[in-house]
Structures are given as C-alpha cells and as structure tokens.
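Notes follow once the structure below has been shown.
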Amino acid sequence: MKTETRRTPPEPRWLDDVEMAAWRGYIETVAALGAALDADLAPHGLAIGDYEVLVRLSDAPGHQLRMCDLAGKLRLSPSGLTRRLDGLVKGGLVQRDPSSDDRRVMLATLTERGLQTLTQAAPDHVESVRSRFLDQLSLTEIEVLAGAFNKLRASLETGSCSAPRDPQ
C-alpha cells in the first residue's frame, strides 16, 4: 500500500513596504493617468485606445495592417479589436478592407480622415503626456522608468520570468 505525501505549497513571497509602495503607486496611478489622457483626447472624439489604433496604422506600410496583427500589437482579442474598430469605422477614421493577397484576411486601413484626426490630435496628446507625466519627473526618473518598463515589456513578450531580484 502506497501512502501519498502531501506537499505544502510554498510560502508566498510577500511584498515588503518598499515593494508594496511601488506596486500600489503603479496601480493607483495608471488608471488615473489613463483617464486624464482620455479626457485630453475627448475634444478630438478619441479615447487613448482609439489614438493608439490610429498611431499603429499610421506607422504601418500603406497605413494598413492585417486585423490579427493589429490585435496583437494592441494586446486585444479579435472580438476586442472588432469592438474598438466599430466606432472608428463608423466615424470614417478607419475602414476594413479585404486583402488582395488572401480573401480570408481583412485589413484595417487608416483613412484620410483618420490621418487628419490623428494629425490634429497629436500635438494635444503630446502636450498631455508632457504635462501629466514627463514634466512631473526628473530626467533621471524618466530614464529609470524607461529602463524598468522596457525590462518588464521584454519579460512579458518572451513569457519569461526572471529570477528574484537582488535586494540592492
């Protein structure tokens, strides 16, 4: 007769005071910053998610991307992208086009009106980013944040989890 040995789950690595302050600072700030950036884009009829779609398409060759590629860049599901694009299509800023290379593929294409809207909104958005984010920080703090977020993004993109950090 075989006896089973039950393993006790490992103790969680609880956050210390500094780690908790960093995490809560992020959580409590990101939503408020997003709402402020949304409010500053509202006069242009855009939300920050709409603006990101227009930027991604404006950067793409021919101002168009396959729907699946755009969804990946925006970190949206196919249905999430459909919902995001519906308002932009209705407003004439983006159109959905069948691919000439593959009938099964749909492309999201930035329209002339979409490009004009982006061009008009961009100066206000950049000023909003400056006044609400960058101007609040020193150059050293901006450099540290850039490095930290690049490191986090790379980790998330590869799906890897690094070893616990050095306590320095």
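The values are calculated or read from the model by the stated rules, or taken from the named source; none is laboratory data. None of the values given here were measured: they were computed from a predicted structure. Because the Cβ atoms are built from the backbone with ideal geometry, glycine has one as well, and the counts that use them run over all protein chains shown.
Could you please give the count of residues in the stretch 64-102 that are more than 22 Å from ARG153 (Cβ to Cβ) and in contact with a Gly (Cβ under 8 Å, 6 or more places away or on another chain)?
Number satisfying all stated conditions: 5.
Name the residue that is surrounded by the most Cβ atoms within 10 Å (Cβ to Cβ), counting only residues in the stretch 121-149 that are in a helix (DSSP H, G or I) and either more than 20 Å from the chain's Cα centre (by Cα) or acidic (Asp, Glu) (or both).
Quick first cut of the stretch 121-149, residues in a helix (DSSP H, G or I) only: 121-132, 134-136, 139-149.
From what's left, either more than 20 Å from the chain's Cα centre (by Cα) or acidic (Asp, Glu) (or both): 124, 127, 135-136, 139-141, 143.
Details: ASP124: 14, GLU127: 12, ASP135: 9, GLN136: 10, LEU139: 8, THR140: 8, GLU141: 11, GLU143: 11.
In this case the residue turns out to be ASP124.
Counting only residues that are without any contact (Cβ under 8 Å) to a residue 24 or more places away in the chain and among the hydroxyl-bearing types (Ser, Thr, Tyr), which one in the stretch 82-120 is surrounded by the fewest Cβ atoms within 10 Å (Cβ to Cβ)? Spell out how you get there, then give the answer.
Residues of the stretch 82-120 that are without any contact (Cβ under 8 Å) to a residue 24 or more places away in the chain, as a first pass: 82-83, 86, 89-90, 92, 95, 98, 100-104, 111-113, 116, 119.
Pick out the ones that are also among the hydroxyl-bearing types (Ser, Thr, Tyr) and you get 82, 100, 111, 119.
Working: THR82: 15, SER100: 8, THR111: 18, THR119: 11.
For the stretch 82-120, the residue satisfying everything is SER100.
Out of THR82, THR29, report the one residue that is hydroxyl-bearing (Ser, Thr, Tyr), more than 22 Å from ARG104 (Cβ to Cβ) and not in a loop (DSSP other than H, G, I, E, B).
Exactly one of THR82, THR29 is hydroxyl-bearing (Ser, Thr, Tyr), more than 22 Å from ARG104 (Cβ to Cβ) and not in a loop (DSSP other than H, G, I, E, B), namely THR29.
Which number in (1) surrounded by fewer than 12 Cβ atoms within 10 Å (Cβ to Cβ); (2) without any contact (Cβ under 8 Å) to a residue 40 or more places away in the chain marks the one condition that GLY62 misses?
Failed condition: (2).
So, in the stretch 22-81, exactly how many residues are of a type in the set (S, T, N, Q), at pLDDT below 95 and touching a helix residue (DSSP H, G or I) at 6+ places or on another chain (Cβ under 8 Å)?
Result for the stretch 22-81: 1.
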